[in-house]
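Worksheet for the structure shown next.
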Amino acid sequence: RLLYTVFSPGRMTAAVAEQPTWFGALMVSAVLIGLAAVLIPADILAEARRRAALQEGSVQFRVEMGAGILRIVAPIVAMLGSIVMSFLVAGVYGIVFGFILGDSGSYRQYLAIVAHASFVPAIAGLLYTPLRIVTVDPQFQLSIASFLVFMPDGYWLSFFRVMDLTQIWSMLIVAEGASAIDRRRTFASAALVLLGLLAAFALIVARFIPN
């Protein structure tokens, strides 16, 4: 099913909607995310931490103390964070589609779809690793902003930075899943809802990204 997520998402979502198993997919994605974090050298993690601390005005010794354990903490936090976010996001989708829009479907079905769709950004995280090392940026990702080289720094460029391409791909897979869960829901309408949620999220987050 995980391979179908990338190469045949319609086949995957149909199977998952029928048999909403989620544990294996969630664990595989979490392990891949943790592996991507492990592959980032400790000095790059420390440098990223130092930059963040300087922006926050933190005391330097806190950065030095944290640098030694970042290599261990980062993968654990990444894995646990991905698992927790999957449960939360599935809940949001269940509320939006099931409660607000009146679609049929259980929380378990949405969780299974989210768990499988998270395989895409998990794989992308591994592919990003060489670029993250070269750019000395553990958070490097391809977003819409990556192609807007002509746009000056500012709020709207920050907005497009939040629009991560792998997350958009993942949400389109979830849209396919929402359509499979309730056949009354078309893929186009589900995609519009989900991309609208992502855009609303990006509008908020962009306010807090330093330019």
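What the table below lists for this structure:
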read-out: Residue list for region 143-189, restricted to those being among the basic types (Lys, Arg) and either within 18 Å of MET12 (Cβ to Cβ) or modelled with pLDDT of 95 or more (or both); value: ARG183, ARG185
read-out: Any pair with Cβ under 7 angstrom, 6 or more apart, that starts in region 1-24 at a residue that is open to solvent by less than 40 Å² (accessible area, probe 1.4 Å) and ends at one that is of a type in the set (S, T, N, Q); value: MET12/THR5; ALA17/GLN109; PRO20/GLN109
read-out: Filtered residue count, region 164-181, keeping only those that are crowded, with 18+ Cβ neighbours inside 10 Å and more than 20 Å from TYR4 (Cβ to Cβ); value: 1
read-out: The listed residue being at pLDDT 80 or above and either open to solvent by 80 Å² or more (accessible area, probe 1.4 Å) or assigned to a helix (DSSP H, G or I) (or both), out of ALA46, ALA53, ALA122; value: ALA122
read-out: Exclusive hit being surrounded by fewer than 19 Cβ atoms within 10 Å (Cβ to Cβ), of a type in the set (Gly, Ala, Ser) and more than 30 Å from ASP43 (Cβ to Cβ), set ALA200, ALA117; value: ALA200
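The values are calculated or read from the model by the stated rules, or taken from the named source; none is laboratory data. Note that the coordinates shown come from a computational prediction; the quantities given were computed from them, not determined experimentally. FYI the Cβ positions are ideal-geometry reconstructions off the backbone, even for glycines, and counts take in every protein chain you see. Note: accessible area is taken over every heavy atom of the protein model, side chains too, but ligands, DNA and RNA are not part of it. Shrake-Rupley method; radii C 1.70, N 1.55, O 1.52, S 1.80 Å.
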